[in-house]
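The values are calculated or read from the model by the stated rules, or taken from the named source; none is laboratory data. The structure presented is a predicted model; accordingly, all values stated were derived computationally and were not measured. Methodologically, a virtual Cβ is constructed for each residue, glycine included, from the backbone with ideal geometry; neighbour enumeration extends over all protein chains shown. Surface areas here come from the heavy atoms of the whole protein model, side chains and all, with no ligands, DNA or RNA. Shrake-Rupley method; radii C 1.70, N 1.55, O 1.52, S 1.80 Å.
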Amino acid sequence: VVAVESDTQAVASAAGNLAAYPSVVVVRARVDDAFGVPRAQRSGPAPNRAQRSRKLRRHPLLPLRADLVVLDPPRTGAGRDVAAQVAALEARAIAYVACDPSALARDAAFLADAGYRLSELRAFDAFPMTHHVECIAVLEPAAD
């Protein structure tokens, strides 16, 4: 099991909680960085932020294939390049946890273009009396 997480505190907690399981590795990185794909460009200028060039290379601990992928991207979604990299893992299933239904719909279309189909979708009103809806989608390889 390879877990990729960008939050330092979450990585430390995961490493502590999973220390008894030597087959689990926690990688501190953004998923796009771990896959070595370019980051999505933000619109508008970046005040007080110097532009740094990044070396785009896949993290050596990421497998080339996976049985199951659990993808929980930020509200903006995974994006086309990350979806392509996830699909290239040829997993039997992708469980996509989404906090924005429109980003989920866009990424599901990217995954469909890469050969996956939406097989199940559940919505959860985890934050009652707000507009936030959590969704869990299961995508599986499309039958040829």
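Overview of results
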{"read-out": "Residue range of the chain that is longest and free of trypsin sites (Lys or Arg not before Pro) which are both DSSP loop and sparsely packed (at most 11 other C-beta within 10 Å)", "value": "93-144"}
{"read-out": "Gyration tensor (alpha-carbon) shape descriptor, the chain, a/c threshold 1.5", "value": "rounded"}
{"read-out": "Solvent-accessible area, 1.4 Å probe, carbon plus sulfur percent, for the chain", "value": "55 percent"}
{"read-out": "Mean accessible surface per residue for the chain, computed with a 1.4 Å probe while every protein chain stays in place, in Å²", "value": "68 Å²"}
